[in-house]
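Report on the following structure.
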Amino acid sequence: MKKPELSFWQIWNLSFGFLGVQIGYSLQNGNTSRILEALGADVHSIGYFWLAAPLAGLIVQPIIGLSSDKTWTRLGRRIPFIFFGAIVSALAMFFMPNAEYFTYLLPPLIFGAVMLLLMDTSFNVTMQPFRALVGDMVNDEQKNLGYSLQSALINFGAVFGSLLPWILAKAGVANVPAAGEKVAASVIWSFYIGGAILLATVLWTVFRTKEYAPKEHAQYNDIDLEAETVTEKTSIFKLIANAPKIFWQLGIVQFFSWFALFLMWVYTTRAIANQVWGAEALDPKSIGFNEAGDWTGVLFAFYSAVAALYSLLIPSIAKSIGRKKTYSFSLFMGGIGLASMYFVHDKTILLLSISGVGLAWAAILAMPYAMLSGSLPADKMGVYMGLFNATITIPQIAAGLLGSTIIALFGGFPMAIIVIAGVSMLIAGLAVFFVRESIPTVK
């Protein structure tokens, strides 16, 4: 039975909450290093704190995906996870930049790290069901629209979240910590505003979306409930062993591209603080360092905006030159952009460098899934997509563990790590040529 046609606004409502989640996620990406350094973390060890994100994704997303598949409540299957994940995310956002005020519970740096882990875990709890919700509710003819709207909302949220501290600073909110404090008011209020928007947008999706009842869902998605029960008993190790070759080939590309992204997210603030602001940014409480933190948000917003525009062109480019060439070209541009930052000492010119990352980011969000999906059996699509998430989290864990060693090898020079990130992205672009797309299996 074909799923009913949804209106534009019904499809919009399905993913509107993702806008707020991405605002929170972008605030985390752009400001975590800045907050943790202000709380006392050393640049050599800060990558260890960032391990919270990929570890949460590696563990939580498959569990949440499996759990939401089996759950049905008055709110629906996916909505309860989205709703409760958003509440915890917002609370963690409110607490993290205020870690210095909870010394009666834990030292500020430890409290901040705990809030980071809680925040990222709840982001994962919220994000995973959003992706599944579109697949559940939207028919085949409207899926391009459904996922295009979700991608657009992700990038709009990323732009706003990345720019928010800079906007508040320009509006007159203090950009350096007050006497005796550790975190600037512009950062604290950014997290307050981001958390509030996250809750508001998720509540919009919760109350404007009605999921299909279990029998309707099974009929609309051509699910044989008896066969599904048998599938659930399939060994996860057997599924991994039987994964198509392209799963592993794309996994290599993913490893080097996400290794690069993680290094960029962790070390950009300190790298540009040292290179552009110099001695005036050595102290994490200095105006130079906080200006560098704001400019990191501007850079991240800029690459998200470039990605939003480029993502609209990717389908026509891929149709013209093929998906592999499109993917590879985009990753090469990201690698060149990151490596070029080594030669830039003007903050404005850094926008040109980071634009290459925008091209890579757009391709990373779309191309591996487009290339993989045609090689997966339809009845195991969700399982394999969940397993494929490990190709995102494992390289980030590796980067977090190796980051301190790399920076020590280069004498504590953080811009060297950005160059290594660029080289890693270039390797990912080369690895694309070893991917062999196959004709979709009909089952």
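The values are calculated or read from the model by the stated rules, or taken from the named source; none is laboratory data. Predicted model only: the values in this text are computed from it and were never measured. Counting neighbours? That spans all protein chains shown, and the Cβs are built from the backbone with ideal geometry, glycine included.
Taken as a whole, the structure leaves Val266 outside the set of residues that are more than 24 Å from Trp72 (Cβ to Cβ), at pLDDT below 90 and not assigned by TED's automatic domain parsing to the domain that holds Phe332. Exactly one residue out of Ile193, Ile197 is under 28 Å from Val357 (Cα atoms), assigned by TED's automatic domain parsing to the domain that holds Trp9 and without any contact (Cβ under 8 Å) to a residue 60 or more places away in the chain, and it is Ile193. Among the residues of the range 183-211, the ones that are within 27 Å of Gly112 (Cα to Cα) and of a type in the set (Ser, Thr, Tyr) come to 4 in all.
Contact map, the range 311-331: first residue without any contact (Cβ under 8 Å) to a residue 12 or more places away in the chain, second residue crowded, with 21+ Cβ neighbours inside 10 Å and part of a helix (DSSP H, G or I), Cβ cut-off under 6 Å, separation 6 or more or different chains; pairs are Ile317/Thr326. Please verify whether Leu116 is in contact with a Phe, Trp or Tyr (Cβ under 8 Å, 6 or more places away or on another chain) and outside any helix (DSSP H, G or I), treating the condition exactly as stated. So Leu116 fails the test. Looking across Val344, Val357, one residue alone is modelled with pLDDT of 85 or more and either outside the structural domain of Ile417 (by TED's automatic domain parsing) or within 20 Å of the chain's Cα centre (by Cα) (or both). It is Val357. Of all residues in the range 244-260, those being among the β-branched types (Val, Ile, Thr) and buried (at least 21 other Cβ atoms within 10 Å of the Cβ) number 1. Within the range 1-51, restricting attention to residues that are touching a residue at least 12 places away in the same chain (Cβ under 8 Å) and aromatic (Phe, Trp, Tyr), the residue that is nearest to Thr296 (Cα to Cα) is Tyr25. The C-beta contact set for the range 167-188 (first residue over 17 Å from Gly30 (Cα atoms), second residue among the hydroxyl-bearing types (Ser, Thr, Tyr), distance under 9 angstrom, 6+ apart or interchain) comprises Ala171/Ser186; Val173/Ser186; Val173/Ser190; Ala174/Ser186. Within the range 25-54, being small (Gly, Ala, Ser) and either closer than 28 Å to Gly180 by Cβ or surrounded by fewer than 24 Cβ atoms within 10 Å (Cβ to Cβ) (or both) holds for Gly30, Ser33, Ala38, Gly40, Ala41, Ser45, Ala52.
Remark: Gly278 matches the filter, which requires a residue to be part of a helix (DSSP H, G or I), on the phi > 0 side of the Ramachandran plot and not assigned by TED's automatic domain parsing to the domain that holds Ser151.
Just one residue in the set Ala132, Ala152, Ala113 is of a type outside the set (S, T, N, Q), buried (at least 22 other Cβ atoms within 10 Å of the Cβ), in contact with a helix residue (DSSP H, G or I) (Cβ under 9 Å, 6 or more places away or on another chain) and modelled with pLDDT under 85; that residue is Ala113.
Do the conditions hold for Gly76, that is, is it of a type outside the set (Phe, Trp, Tyr), touching a helix residue (DSSP H, G or I) at 6+ places or on another chain (Cβ under 9 Å) and either outside the structural domain of Ala38 (by TED's automatic domain parsing) or on the phi > 0 side of the Ramachandran plot (or both)? It is true that Gly76 is of a type outside the set (Phe, Trp, Tyr), touching a helix residue (DSSP H, G or I) at 6+ places or on another chain (Cβ under 9 Å) and either outside the structural domain of Ala38 (by TED's automatic domain parsing) or on the phi > 0 side of the Ramachandran plot (or both).
For the range 312-329, the tally of residues that are buried (at least 18 other Cβ atoms within 10 Å of the Cβ) and either modelled with pLDDT of 95 or more or more than 23 Å from Ile252 (Cβ to Cβ) (or both) stands at 1.
Part of a helix (DSSP H, G or I) and modelled with pLDDT of 85 or more: is that true of Phe94 in this structure? Judged against the criteria, Phe94 is a match.
Please indicate, with yes or no, whether at least one residue in the range 368-375 is assigned to a loop (DSSP other than H, G, I, E, B), of a type in the set (Ser, Thr, Tyr) and farther than 30 Å from Ala41 by Cα. Yes, the conditions are met somewhere in the range 368-375. Taking the conditions exactly as written (β-branched (Val, Ile, Thr) and either in contact with a Pro (Cβ under 6 Å, 6 or more places away or on another chain) or at pLDDT below 80 (or both)), does Val138 satisfy them or not? Yes: the conditions hold for Val138. Do we have Glu280 as surrounded by 15 or more Cβ atoms within 10 Å (Cβ to Cβ), of a type in the set (Asp, Glu), over 29 Å from Ala366 (Cβ atoms) and at pLDDT 75 or above here? The answer is no for Glu280.
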